[in-house]
Amino acid sequence: MAVSVVVHLLRHGRTRWNEQRRYMGHTDQLLAPGALTELEPLRRRYHRHDFGKIYCSDLSRCRQTLGYVLSATGADQAPALIPAKLGETVPGVCYDVRLRELDFGQWEGKTYDDLKENPAYRSWIDDPSSVTPPGGESWEAFQQRIGQFLNNLYLELDEMAGAAESGALEGGHGKRPEAACGPSDVLIVTHGGVIRQMMTQLVDGVKFWALPLEPGEALRVRLTRSSAGWRGERLP
């Protein structure tokens, strides 16, 4: 029997380095002034949502984004309390280092103009799998850690689906009601490169560089489990 779950992939809000178009991987930056206002539509959409699982990168820009999106109070209503509180740990959330952006090593904080004359950088732009940023993370290692996270996610979704099916059968005296459609939605707050990497592994035909995603934007993917495993379909 096929089981499906909707995964909401949310890129963190805008930072200073985003504004300056600097490479930002493992550098721990806070959200920029004004970023919360841009996240307000997502807060209104998600703060009452009952997610079955929530995952978040351990870096501050993602922690702050998650804290605001789940907040019952908008920045326009209580602007003074928001920045100091948003990075605090939210109970029940899994903060996972595997959800960090690619580590750009010595290229962290650099812009395209800073690096455009660097032959290694030019080669990386053409084919990121061919060059590793000095002191940074290889493309293969990046793909592998995102793949490992997804494999663990599938296992947890299997457990959620099994629990939902068991509960539905017990409640229906052996019959599964139509309303019991599997595990609840999942929220993942992470980075642009991570979301693109996930999409290439989840959805057939998706190309990494052909997937635009601005800070504070979200994508939705429906994951469906069949006898062949979990596969994704991008939702509008």
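All of the numbers you see were taken from the coordinates with simple rules; none came from a lab. These figures come from a predicted structure and were not determined experimentally. Here the Cβ positions follow ideal geometry from the backbone for every residue, glycine too, while neighbour counts run over all protein chains shown.
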For the chain, the Cα gyration tensor yields equivalent-ellipsoid semi-axes (√(5λ), largest first, whole Å) of 33, 24, 13
Short to long, in 10 Å steps from zero, the percent of alpha-carbon pairs of the stretch 1-126 per bin is 11, 38, 30, 15, 6, 0
Once amide hydrogens are built 1.01 Å from N within the peptide plane, the residues lying 5 or more places from T15 or on another chain with amide H under 5 Å from its amide H are A32
Mean separation of Cα contacts under 8 Å (at least 6 apart) over the residue count of the chain, i.e. the relative contact order in percent, is 34 percent
quick note, the chain, DSSP beta bridge pairs, % antiparallel (nearest 5) is 55 percent
Within the chain, pairs of Lys residues whose Cα atoms are less than 28 angstrom apart, provided they are eight or more positions apart or on distinct chains, add up to 5
Counting only DSSP loop positions in the stretch 17-73, the trypsin sites (Lys or Arg not before Pro) whose Cβ has at most 15 other Cβ atoms within 10 Å are R21, R48
Put in order of increasing Cβ neighbours within 10 Å, starting from the fewest, T15, T37 give T37, T15
For Q29, other-chain or 5+-apart residues with amide H closer than 5 Å (H placed, Pro excluded) are S60, R61
What helix-only [θ] at 222 nm does the chain give? Using -39500 (n - 2.57) per DSSP H run of at least 4, over all residues, to the nearest 500, the answer is -11000 deg cm²/dmol
Candidates D96, D28, D126; GNM for the chain (alpha-carbon contacts under 10 Å) flags as most fluctuating D126
Checking V194, V69, V203 against a Gaussian network model of the chain (alpha-carbon springs below 10 Å), the top fluctuating residue turns out to be V203
